[in-house]
Amino acid sequence: MDWVPALRQLRAFVAVVEEGSFTMAARRIFVTQSAVSHSLRTLEEQLSCRLLDRSGKRVSVTPEGAILLKRCKRILFEIDQAGRDLDGLRRWGQTQIRLGVPHSLCNFLLPSVLREFRDCFPRCEVVIEAGDTTYLLDRFAIGELDLVLGIRPRGHPDEGYRKLFSDELAFVLSPFHPWANDPSLIDESIATQQFIIYAKATDTHRLIEEWMESKNYRSKKPLIIGDMQAIKEMARVGIGIAIIAPWIASTEIKDNQLKLISISEPGICREWGVFYSVKREPSLVEEAFIGLCEMGFSTLGGATGVSLE
(Lines give C-alpha, C1' and ligand atoms only; values in the text may rest on other atoms or scores of the structure.)
Protein backbone atom coordinates (compact mmCIF):
# COMPACT_ATOMS: atom_id res chain seq x y z
CA MET A 1 0.00 0.00 0.00
CA ASP A 2 1.42 3.36 -1.12
CA TRP A 3 0.39 5.53 1.80
CA VAL A 4 2.17 8.50 3.35
CA PRO A 5 0.10 9.90 6.23
CA ALA A 6 0.10 13.53 7.30
CA LEU A 7 1.28 14.15 10.84
CA ARG A 8 -1.87 16.14 11.58
CA GLN A 9 -3.93 13.04 10.76
CA LEU A 10 -1.92 10.85 13.11
CA ARG A 11 -2.01 13.40 15.92
CA ALA A 12 -5.75 13.84 15.50
CA PHE A 13 -6.33 10.07 15.50
CA VAL A 14 -4.31 9.49 18.68
CA ALA A 15 -5.96 12.44 20.41
CA VAL A 16 -9.48 11.22 19.59
CA VAL A 17 -8.75 7.70 20.84
CA GLU A 18 -7.14 8.88 24.07
CA GLU A 19 -9.73 11.57 24.78
CA GLY A 20 -12.75 9.55 23.60
CA SER A 21 -14.22 12.68 22.06
CA PHE A 22 -13.74 14.79 18.94
CA THR A 23 -14.38 17.95 20.93
CA MET A 24 -11.76 17.16 23.59
CA ALA A 25 -9.29 16.02 20.94
CA ALA A 26 -9.68 19.32 19.10
CA ARG A 27 -8.95 21.24 22.30
CA ARG A 28 -5.90 19.09 23.00
CA ILE A 29 -4.23 19.66 19.64
CA PHE A 30 -5.49 23.27 19.23
CA VAL A 31 -7.58 22.88 16.08
CA THR A 32 -11.30 23.00 15.31
CA GLN A 33 -13.57 20.00 15.74
CA SER A 34 -14.32 20.03 12.02
CA ALA A 35 -10.58 19.84 11.28
CA VAL A 36 -10.29 16.74 13.48
CA SER A 37 -13.32 15.15 11.79
CA HIS A 38 -11.91 15.89 8.34
CA SER A 39 -8.49 14.42 9.25
CA LEU A 40 -10.04 11.21 10.56
CA ARG A 41 -12.41 10.82 7.62
CA THR A 42 -9.55 11.30 5.16
CA LEU A 43 -7.37 8.83 7.07
CA GLU A 44 -10.07 6.15 7.00
CA GLU A 45 -10.61 6.70 3.27
CA GLN A 46 -6.89 6.35 2.59
CA LEU A 47 -6.70 3.10 4.58
CA SER A 48 -10.06 1.78 3.33
CA CYS A 49 -11.18 0.76 6.82
CA ARG A 50 -12.98 2.12 9.86
CA LEU A 51 -10.62 3.19 12.62
CA LEU A 52 -13.20 4.50 15.09
CA ASP A 53 -16.54 3.34 16.39
CA ARG A 54 -18.77 6.39 16.74
CA SER A 55 -21.96 4.60 17.82
CA GLY A 56 -21.61 5.07 21.60
CA LYS A 57 -21.43 8.15 23.80
CA ARG A 58 -17.64 7.90 23.66
CA VAL A 59 -15.67 7.28 20.53
CA SER A 60 -13.87 3.93 20.71
CA VAL A 61 -11.18 2.33 18.59
CA THR A 62 -11.88 -0.57 16.20
CA PRO A 63 -9.53 -3.58 15.91
CA GLU A 64 -8.01 -2.00 12.80
CA GLY A 65 -7.66 1.27 14.68
CA ALA A 66 -5.91 -0.46 17.58
CA ILE A 67 -3.22 -1.75 15.23
CA LEU A 68 -2.66 1.72 13.78
CA LEU A 69 -2.72 3.35 17.22
CA LYS A 70 0.22 1.29 18.46
CA ARG A 71 2.35 2.31 15.48
CA CYS A 72 1.20 5.94 15.55
CA LYS A 73 2.25 6.43 19.17
CA ARG A 74 5.72 5.14 18.39
CA ILE A 75 6.03 7.36 15.30
CA LEU A 76 4.86 10.49 17.10
CA PHE A 77 7.10 9.79 20.07
CA GLU A 78 10.19 9.44 17.87
CA ILE A 79 9.36 12.64 15.99
CA ASP A 80 8.86 14.58 19.23
CA GLN A 81 12.07 13.11 20.66
CA ALA A 82 14.00 14.10 17.54
CA GLY A 83 12.70 17.64 17.94
CA ARG A 84 13.87 17.75 21.56
CA ASP A 85 17.29 16.38 20.65
CA LEU A 86 17.76 18.89 17.83
CA ASP A 87 16.63 21.70 20.06
CA GLY A 88 19.10 20.61 22.71
CA LEU A 89 21.86 20.49 20.10
CA ARG A 90 21.04 23.98 18.84
CA ARG A 91 21.21 25.35 22.37
CA TRP A 92 24.34 23.31 23.24
CA GLY A 93 22.83 21.50 26.16
CA GLN A 94 20.93 24.37 27.72
CA THR A 95 18.87 21.99 29.81
CA GLN A 96 19.04 19.96 33.01
CA ILE A 97 20.13 16.40 33.74
CA ARG A 98 19.37 14.77 37.10
CA LEU A 99 21.80 12.03 38.06
CA GLY A 100 21.79 9.39 40.78
CA VAL A 101 25.31 8.19 41.59
CA PRO A 102 26.67 5.92 44.39
CA HIS A 103 29.10 7.53 46.82
CA SER A 104 32.04 5.45 45.58
CA LEU A 105 31.59 6.65 41.99
CA CYS A 106 31.28 10.24 43.20
CA ASN A 107 34.84 9.89 44.48
CA PHE A 108 36.49 7.82 41.77
CA LEU A 109 34.59 8.31 38.49
CA LEU A 110 32.27 11.30 38.48
CA PRO A 111 34.77 14.20 38.75
CA SER A 112 36.57 13.37 35.50
CA VAL A 113 33.30 12.55 33.72
CA LEU A 114 31.70 15.84 34.78
CA ARG A 115 34.75 17.81 33.65
CA GLU A 116 34.45 16.39 30.14
CA PHE A 117 30.65 16.68 30.14
CA ARG A 118 30.69 20.37 31.04
CA ASP A 119 33.21 21.04 28.29
CA CYS A 120 30.66 19.61 25.84
CA PHE A 121 27.51 21.08 27.40
CA PRO A 122 28.57 24.20 29.32
CA ARG A 123 25.01 25.44 29.83
CA CYS A 124 23.53 22.14 31.01
CA GLU A 125 22.61 22.18 34.69
CA VAL A 126 23.79 18.98 36.37
CA VAL A 127 21.88 17.89 39.49
CA ILE A 128 23.49 15.04 41.44
CA GLU A 129 22.02 12.89 44.18
CA ALA A 130 24.38 10.47 45.92
CA GLY A 131 23.22 7.27 47.58
CA ASP A 132 23.09 3.50 47.38
CA THR A 133 21.78 2.02 44.15
CA THR A 134 18.59 0.67 45.73
CA TYR A 135 17.66 4.09 47.11
CA LEU A 136 18.51 5.83 43.85
CA LEU A 137 16.39 3.42 41.81
CA ASP A 138 13.43 4.16 44.10
CA ARG A 139 13.93 7.86 43.37
CA PHE A 140 14.25 7.08 39.67
CA ALA A 141 11.00 5.10 39.69
CA ILE A 142 8.99 8.13 40.81
CA GLY A 143 10.56 10.38 38.19
CA GLU A 144 12.97 12.29 40.44
CA LEU A 145 16.07 11.27 38.45
CA ASP A 146 16.82 11.01 34.72
CA LEU A 147 19.71 8.53 34.93
CA VAL A 148 21.11 6.29 37.65
CA LEU A 149 24.59 4.79 37.70
CA GLY A 150 24.88 1.75 39.92
CA ILE A 151 25.17 -1.96 40.49
CA ARG A 152 22.63 -4.02 38.61
CA PRO A 153 20.30 -5.72 41.11
CA ARG A 154 19.69 -9.42 40.72
CA GLY A 155 16.84 -10.10 38.31
CA HIS A 156 16.71 -6.58 36.92
CA PRO A 157 15.36 -6.67 33.33
CA ASP A 158 17.45 -5.67 30.31
CA GLU A 159 14.93 -3.01 29.33
CA GLY A 160 15.98 0.43 30.50
CA TYR A 161 19.47 -0.73 31.43
CA ARG A 162 22.90 -0.65 29.77
CA LYS A 163 25.95 -2.49 31.09
CA LEU A 164 29.08 -0.35 31.46
CA PHE A 165 31.59 -2.23 33.65
CA SER A 166 32.22 -5.38 35.70
CA ASP A 167 34.50 -5.81 38.71
CA GLU A 168 35.38 -8.30 41.43
CA LEU A 169 35.85 -7.60 45.10
CA ALA A 170 39.10 -8.55 46.82
CA PHE A 171 40.78 -8.66 50.23
CA VAL A 172 42.59 -5.38 50.90
CA LEU A 173 44.78 -5.31 54.00
CA SER A 174 47.83 -3.87 55.71
CA PRO A 175 51.19 -4.92 54.18
CA PHE A 176 52.12 -6.09 57.70
CA HIS A 177 49.21 -8.51 58.00
CA PRO A 178 50.29 -12.20 58.04
CA TRP A 179 48.21 -12.89 54.91
CA ALA A 180 50.19 -10.31 52.97
CA ASN A 181 53.31 -12.51 53.09
CA ASP A 182 51.63 -15.92 53.14
CA PRO A 183 48.16 -16.17 51.51
CA SER A 184 48.15 -19.90 52.24
CA LEU A 185 47.18 -18.96 55.82
CA ILE A 186 43.81 -17.67 54.70
CA ASP A 187 41.68 -20.83 54.86
CA GLU A 188 43.00 -21.92 58.25
CA SER A 189 42.75 -18.50 59.88
CA ILE A 190 39.78 -16.84 58.20
CA ALA A 191 37.47 -17.52 61.15
CA THR A 192 39.68 -15.39 63.38
CA GLN A 193 39.80 -12.38 61.10
CA GLN A 194 38.01 -9.07 61.45
CA PHE A 195 36.48 -8.09 58.11
CA ILE A 196 35.42 -4.57 57.20
CA ILE A 197 32.60 -4.37 54.66
CA TYR A 198 30.35 -1.77 53.15
CA ALA A 199 26.98 -0.66 54.56
CA LYS A 200 23.98 -2.92 54.98
CA ALA A 201 20.97 -2.70 52.63
CA THR A 202 23.30 -2.52 49.63
CA ASP A 203 23.91 -5.03 46.85
CA THR A 204 27.62 -5.10 47.70
CA HIS A 205 26.87 -6.09 51.31
CA ARG A 206 24.46 -8.79 50.14
CA LEU A 207 26.98 -10.24 47.70
CA ILE A 208 29.66 -10.45 50.41
CA GLU A 209 27.31 -12.19 52.82
CA GLU A 210 26.25 -14.69 50.15
CA TRP A 211 29.88 -15.42 49.30
CA MET A 212 30.72 -16.08 52.95
CA GLU A 213 27.75 -18.42 53.27
CA SER A 214 28.75 -20.28 50.09
CA LYS A 215 32.23 -20.79 51.53
CA ASN A 216 30.77 -21.73 54.92
CA TYR A 217 33.06 -19.16 56.54
CA ARG A 218 32.25 -18.37 60.16
CA SER A 219 34.39 -15.35 60.93
CA LYS A 220 33.93 -12.63 63.51
CA LYS A 221 31.03 -10.27 63.08
CA PRO A 222 32.25 -7.79 60.46
CA LEU A 223 32.63 -4.08 60.96
CA ILE A 224 30.03 -2.40 58.74
CA ILE A 225 31.08 1.04 57.53
CA GLY A 226 29.25 3.31 55.10
CA ASP A 227 32.33 5.19 53.87
CA MET A 228 34.97 3.72 51.57
CA GLN A 229 37.70 6.09 52.74
CA ALA A 230 37.13 4.98 56.34
CA ILE A 231 37.19 1.32 55.29
CA LYS A 232 40.55 1.78 53.55
CA GLU A 233 42.06 3.66 56.47
CA MET A 234 40.97 0.99 58.96
CA ALA A 235 42.52 -1.68 56.77
CA ARG A 236 45.72 0.36 56.39
CA VAL A 237 46.28 0.66 60.15
CA GLY A 238 45.56 -3.03 60.70
CA ILE A 239 42.11 -2.92 62.31
CA GLY A 240 40.80 -5.49 59.86
CA ILE A 241 40.62 -6.79 56.29
CA ALA A 242 38.56 -4.77 53.85
CA ILE A 243 36.52 -6.51 51.16
CA ILE A 244 36.33 -3.91 48.40
CA ALA A 245 36.95 -3.44 44.68
CA PRO A 246 40.64 -3.04 43.72
CA TRP A 247 40.02 0.22 41.84
CA ILE A 248 38.83 1.88 45.03
CA ALA A 249 42.25 1.35 46.63
CA SER A 250 44.42 1.47 43.49
CA THR A 251 46.45 4.49 44.68
CA GLU A 252 47.14 3.02 48.14
CA ILE A 253 48.04 -0.35 46.60
CA LYS A 254 50.43 1.28 44.15
CA ASP A 255 52.07 3.19 47.01
CA ASN A 256 52.37 -0.03 49.07
CA GLN A 257 50.14 1.33 51.81
CA LEU A 258 47.73 -1.53 51.25
CA LYS A 259 48.08 -5.08 49.96
CA LEU A 260 45.63 -6.71 47.55
CA ILE A 261 44.80 -10.42 47.59
CA SER A 262 42.37 -11.72 44.98
CA ILE A 263 39.50 -13.88 46.22
CA SER A 264 39.44 -17.44 44.91
CA GLU A 265 36.71 -18.71 42.61
CA PRO A 266 33.87 -18.26 42.81
CA GLY A 267 34.69 -14.64 43.50
CA ILE A 268 32.41 -11.75 44.37
CA CYS A 269 31.45 -10.20 41.05
CA ARG A 270 29.45 -7.07 40.38
CA GLU A 271 28.00 -5.52 37.23
CA TRP A 272 27.78 -1.75 36.92
CA GLY A 273 25.54 0.03 34.46
CA VAL A 274 23.24 2.92 33.76
CA PHE A 275 19.48 2.87 34.27
CA TYR A 276 17.28 5.04 32.04
CA SER A 277 13.58 5.44 31.31
CA VAL A 278 11.90 2.57 29.45
CA LYS A 279 9.36 5.07 28.10
CA ARG A 280 11.83 6.81 25.82
CA GLU A 281 15.30 6.54 24.36
CA PRO A 282 18.03 8.56 26.13
CA SER A 283 18.27 12.15 24.89
CA LEU A 284 21.33 13.59 23.18
CA VAL A 285 22.60 14.99 26.49
CA GLU A 286 21.97 11.71 28.32
CA GLU A 287 23.70 9.67 25.61
CA ALA A 288 26.72 11.96 25.85
CA PHE A 289 26.89 11.46 29.62
CA ILE A 290 26.53 7.68 29.29
CA GLY A 291 29.33 7.58 26.72
CA LEU A 292 31.64 9.55 28.99
CA CYS A 293 30.85 7.20 31.89
CA GLU A 294 31.68 4.20 29.71
CA MET A 295 35.07 5.74 28.90
CA GLY A 296 35.60 6.61 32.57
CA PHE A 297 34.87 3.07 33.70
CA SER A 298 37.40 1.74 31.20
CA THR A 299 40.14 3.71 32.95
CA LEU A 300 39.33 2.38 36.43
CA GLY A 301 40.85 -1.00 35.72
CA GLY A 302 42.26 -2.66 38.75
CA ALA A 303 45.48 -3.20 40.59
CA THR A 304 46.43 -6.83 40.41
CA GLY A 305 47.06 -8.76 43.56
CA VAL A 306 48.04 -12.15 44.93
CA SER A 307 45.54 -14.84 44.01
CA LEU A 308 44.32 -17.49 46.43
CA GLU A 309 44.49 -20.09 43.71
**Asked** Has region 171-182 got any residue that is on the phi > 0 side of the Ramachandran plot, in contact (Cβ under 8 Å) with a residue 24 or more places away in the chain and exposed (fewer than 14 other Cβ atoms within 10 Å of the Cβ)?
**Response** no
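Would it be correct to say that R28 is at pLDDT below 85, out of contact with any strand residue (DSSP E or B) (no Cβ under 9 Å at 6 or more places or on another chain), farther than 30 Å from T204 by Cα and outside the structural domain of T133 (by TED's automatic domain parsing)?
Working: at pLDDT below 85: no; out of contact with any strand residue (DSSP E or B) (no Cβ under 9 Å at 6 or more places or on another chain): yes; farther than 30 Å from T204 by Cα: yes; outside the structural domain of T133 (by TED's automatic domain parsing): yes.
Criteria not met by R28.
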**Complete:** Subset of region 264-282, residues in a loop (DSSP other than H, G, I, E, B) and surrounded by fewer than 21 Cβ atoms within 10 Å (Cβ to Cβ), comes to S264, E265, P266, G267, I268, S277, V278, K279, R280, E281, P282
**Item:** Neighbours by Cβ (under 6 Å, 6+ apart or cross-chain): first from region 224-246, on the phi > 0 side of the Ramachandran plot and outside any helix (DSSP H, G or I); second of a type in the set (S, T, Y) and buried (at least 18 other Cβ atoms within 10 Å of the Cβ)
**Value:** G238/S174
**Item:** Answer from R50, R27 - the residue that is in a helix (DSSP H, G or I), free of Cβ contacts under 8 Å to residues at least 60 places away in the same chain and either exposed (fewer than 14 other Cβ atoms within 10 Å of the Cβ) or not acidic (D, E) (or both)
**Value:** R27
**Asked** Of all residues in region 127-150, how many are surrounded by fewer than 20 Cβ atoms within 10 Å (Cβ to Cβ) and among the aliphatic types (A, V, I, L, M)?
**Response** 6
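Residue-by-condition table, conditions (1) modelled with pLDDT under 90; (2) more than 22 Å from D203 (Cα to Cα); (3) not assigned by TED's automatic domain parsing to the domain that holds F121:
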| position | (1), (2), (3) |
| --- | --- |
| Q229 | no, no, yes |
| P246 | no, no, yes |
| I263 | yes, no, yes |
| Y276 | no, no, no |
| E281 | yes, yes, no |
| M295 | no, yes, no |
**Message:** What pairs come out if I take residues in region 150-168 that are farther than 16 Å from L110 by Cβ and pair them with residues that are assigned to a loop (DSSP other than H, G, I, E, B) and of a type in the set (F, W, Y) whose C-beta lies under 7 Å away, six or more apart or interchain?
**Reply:** G160/Y276
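The values are calculated or read from the model by the stated rules, or taken from the named source; none is laboratory data. None of the values given here were measured: they were computed from a predicted structure. Every residue, glycine among them, receives a Cβ derived from its backbone with ideal geometry; neighbour counts consider all protein chains shown.
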